[in-house]
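Since the structure comes first, as structure tokens, the remarks are kept for the end.
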Amino acid sequence: MSLTDTIKPARTRAGWRPGLPPLQALLPYAVPAAILILWEIAGATGLVRETVMPRPSVILATAVQMMLTGELFTHLGVSAARALAGLLIGGGIGFLLGVANGVSRLSETLTDSTLQMVRNIPHLALIPLVILWFGIGEGAKLFLVALGVFFPIYLNTLHGIRNVDPQLIEMGRAYGMNGRRLFFRVVLPGALPSIFVGLRYGLGIMWLTLIVAETLSASSGLGYMAMKAREFMVLDVVVLSILLYAALGKLADTLTRALERRALKWSPAYANA
Amino acid sequence: MQMPDLAAHGVPTPPMLRHAPEGVEIAIRNLGRSFGGQRVLVNLDLDVAPGEFLSIVGKSGCGKSTLLRLVAGLDRPTSGSVTVGGLPAHEAGDHLRIMFQEPRLLPWASVAENVAIGLPRGPDPRAVAEALEQVQLADKAGFWPAQLSGGQRQRAALARALVSHPGLLLLDEPLGALDALTRLTMQNLIRDMHDRAGFTAILVTHDVAEAVALSDRVIVLGQGGILTETRILRAGPTTRGSAELAAIETGILDAIFAR
């Protein structure tokens, strides 16, 4: 049995991309910082007029002032709550239908072709109809966000479940797994990477839909804040709300990535990410 | 088919027991399996004694994997029957375990968690540790499968198959994808485990030398049935490379290619 000892040791890292030294972790922020600095200089020297594009320092002052009055947090909170609620409703239904159609042929036969038809309608094209149905209340925004988030999560969940290694499923069956146990131990973890792709894609659509919906019809939220500021030509608030959308989008993506890295830590693709 | 002459290679045959304490017996009667109009197995009869190590060789497409899948209960016969320890194959459940050509470990479960899948009654850390010890992977219990080498993964799969002390181990070319050295190591390990635990084993392989090195009996499958059958007397440890085994190997190869 001496041969057994000669088996080569495990490779722990599968990294073809060399890791960055600590200081270079700040590198992704270099370009945005440079843009801010150039922008400030261009504004301060009068190269770009305040009525076209206010300087970052002016926007920052406006932001601080709006934070002090609490107005900013109200709008931010309203927008975030709409985004989250739409994501939970649309994403939840998309996930459940994706699972159902991935697992059951009957369910897929019944619903998939209908869903594929609806998918080909740009959901923002429904805005006139949605306003007629829901008025400009919360329902309209929730409906649009939920509809927009639904499809990427539905499609990627379905795709993920379909593409779980059939050899692993056969192994599970051969080892006496069935029903719930097979689903939670083999199918769902196998579909998870694809579900995360759907979630991240859905988050992008979530913000996009919310911006459009709030800009068209709302009485609160970041989009409303921007539209009201436009009417009064308050340019710094318009730019501020756009920047806040960018920040919120980035925050959501960062949180999802952290979640993904935690949930998929078994995968060599995340081993040293 | 005649009953195998067990005494010839020293396997005890208790006449009253259907289960030997360690290995289960397999009875295949009149077995047929067709895919569409193609008859892969035709009226096949085969008995495997408790504790016997049987290898099945043959050209690709001869139905050897089909036969193994039928014994594993992963597939149902078109006609005839397969019984494992007196039960129909698909009801044999935890009596039998199968090792595939690929390790088929769950990538999202640690090595220890993967081995625990083999336990029908929930995780048992002591049994898992013992099984990992036997395949010399005790120090890898907390690793992800992606962190193991090909041979280590296949050893983890072996631990998973044997952790429940099954009466029958089915091996579907489990060493086919390994390099030559790792393969020899694994052959010794499987043979060792078989000698120790005494389970019945059926190995499907395209490597005749491997079949001869491991088994008590080698059958050549072809034209839907058993072409030839060769018993290998095993005196003491594996006598790999001996002239006698080489002659047996040549004989089996001749049968496969019908020379």
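Return the Rg/Rh ratio of the protein assembly as shown with Cα-based radii and a Kirkwood Rh. Could you put the intermediate results ahead of the total?
Working: Rg = 32.4 Å, Rh = 28.0 Å.
With Rg and the Kirkwood Rh in hand, the quotient comes to 1.15.
Would you please give the FRET efficiency between A:Met233 and A:Ala33, computed as 1/(1 + (r/R0)^6) with r the Cβ-Cβ distance and R0 = 25 Å, to the nearest 0.05?
Here the calculated transfer efficiency is 0.30.
Please work out the Cα convex hull volume for chain B and give it in Å³ per residue. Could you put the intermediate results ahead of the total?
On the way: hull volume 34.2 nm³, N = 259.
Cα-based convex hull of chain B, divided per residue, equals 132 Å³.
Amide H to amide H, which residues 5 or more places from B:Thr228 or on other chains are under 5 Å from it, using H placed in the peptide plane?
Residues meeting the criterion, in which the H sits 1.01 Å from N, are B:Val220.
Give me the Å³ per residue figure for the convex hull around the C-alpha atoms of segment A:66-175. Intermediate results must be reported in sequence, preceding the final value.
Values: hull volume 14.8 nm³, N = 110.
Output value, Cα hull per residue: 135 Å³.
Taking R0 as 51 Å, what's the FRET efficiency between A:Ile93 and B:Ala246 from their Cβ-Cβ distance, rounded to 0.05?
On the way: r = 67 Å, r/R0 = 1.31.
FRET efficiency, A:Ile93 to B:Ala246: 0.15.
Using modelled backbone amide H atoms (1.01 Å from N, in-plane), which distant-in-sequence or interchain residues come within less than 5 Å of B:Arg217's amide H?
Under 5 Å from the amide H of B:Arg217: B:Phe53, B:Ser55, B:Ile232.
How far is helix B:150-162 tilted off the main Cα axis of chain B, in degrees rounded to 10, range 0 to 90?
So the helix axis and the longest Cα principal axis differ by about 80 degrees.
Filter the trypsin sites (Lys or Arg not before Pro) in segment B:52-94 down to the DSSP loop ones having no more than 16 other Cβ atoms within 10 Å, then list what survives.
Here the trypsin sites (Lys or Arg not before Pro) that fit, given the DSSP loop and packing criteria, are B:Lys59.
Find the relative contact order for chain A and round it to a whole percent, using C-alpha pairs within less than 8 Å whose residues are 6+ positions apart.
23
Post the alpha-carbon centroid distance, segment A:65-141 to segment B:94-140, in whole angstrom.
Going from one Cα centre to the other spans 43 Å.
For the residue pair A:Ser219 and A:Leu251, what label-to-label distance in nm results when each label sits 7 Å from Cα along the Cα-to-beta-carbon direction?
Once both label points are built, they end up 2.6 nm from each other.
Using alpha carbons only, how many degrees (0 to 90, rounded to 10) separate the axis of helix B:180-197 from the longest principal axis of chain B?
For B:180-197 against chain B, the angle is about 90 degrees.
Between A:Leu36, A:Leu27, A:Leu248, which gets the highest mean-square fluctuation from a Gaussian network model of chain A, Cα cutoff 10 Å?
For chain A, modelled as a Gaussian network with Cα springs under 10 Å, the answer is A:Leu27.
Quote to one decimal, in nm, the extra length available between A:Thr74 and A:Ser57 on full extension: 0.36 nm per residue of separation minus the C-alpha distance between them.
Extra length available between A:Thr74 and A:Ser57 comes to 3.9 nm.
Neighbour counts of other C-beta atoms within 10 Å: give me A:Arg185, B:Arg126, A:Arg257, B:Arg104 arranged from fewest to most.
Least crowded to most crowded, the residues run B:Arg126, A:Arg257, A:Arg185, B:Arg104.
Relative contact order, percent, of chain B when contacts are C-alpha pairs under 8 Å separated by at least 6 residues? Spell out each step's value before the answer.
Working: 499 pairs, mean separation 63.7, N = 259.
Contact order relative to length: 25 percent.
Take the alpha carbon gyration tensor of chain A, find the square roots of its eigenvalues, order them as a ≥ b ≥ c, and report rounded if a/c is under 1.5; if not, report prolate when a/b exceeds b/c, else oblate.
It comes out oblate by the Cα gyration axes.
Would you calculate, for chain A, the mean residue ellipticity at 222 nm contributed by helices, counting each DSSP H stretch of 4 or more residues as -39,500 (n - 2.57) and dividing by all residues, to the nearest 500? Could the numbers behind the result be given before it?
Working: 11 runs with 191 residues, N = 273.
Mean residue ellipticity, 222 nm, calculated: -23500 deg cm²/dmol.
What number, rounded to the nearest 500 deg cm²/dmol, is the helix-based mean residue ellipticity at 222 nm of chain B, given -39500 (n - 2.57) per DSSP H run of at least four residues and division by all its residues?
It comes out at -9000 deg cm²/dmol, rounded to the nearest 500.
Over all directions, how big on average is the projection of the convex hull of the alpha-carbon atoms in segment B:58-184, in square nanometres? Can you show the working numbers first?
Numbers: hull surface 35.1 nm².
Mean shadow area of the hull around the Cα atoms is 8.8 nm².
What residue among A:Pro56, A:Pro166, A:Pro189 shows peak mean-square fluctuation when chain A is described by a Gaussian network model with Cα springs under 10 Å?
Its mean-square fluctuation being the largest, the pick is A:Pro166.
What list do you get for B:Trp144, A:Trp133, A:Trp266 if you sort them by fewest beta carbons within 10 Å?
Lowest to highest Cβ neighbour count: A:Trp133, A:Trp266, B:Trp144.
Under a crude label model (7 Å from the Cα following the beta-carbon direction), how far is A:Arg119 from B:Arg121 in nanometres?
Using points 7 Å along Cα→Cβ, the separation is 4.7 nm.
For segment B:130-144, what does the Karplus curve 6.51 cos²θ - 1.76 cosθ + 1.60, with θ = phi - 60°, yield as ³J(HN,Hα) per residue in whole Hz, taken in order and with x for Gly and Pro?
Using θ = phi - 60°, the values come out as 5, 5, 5, 4, 5, 9, 6, 10, 3, 7, 10, 3, x, 7, 7 Hz.
Which value results when the Cα radius of gyration for segment A:136-250 is divided by 2.2 N^0.38 Å?
1.55
Between A:Asn178 and A:Ile136, take the C-beta separation as r, use R0 = 45 Å, and let me know the FRET efficiency to the nearest 0.05.
Efficiency, from the Cβ-Cβ distance: 0.35.
Which whole-number percent gives the relative contact order of segment A:118-273, counting Cα pairs below 8 Å spaced six or more residues apart?
For segment A:118-273, the relative contact order is 22 percent.
Taken together, the values in this text are just the output of simple stated rules run on the coordinates, not laboratory data. It should be emphasised that the depicted structure is a prediction, and the values quoted were computed from it without experimental measurement. Cβ atoms come from the backbone with ideal geometry, glycine included; neighbour counts cover every protein chain shown.
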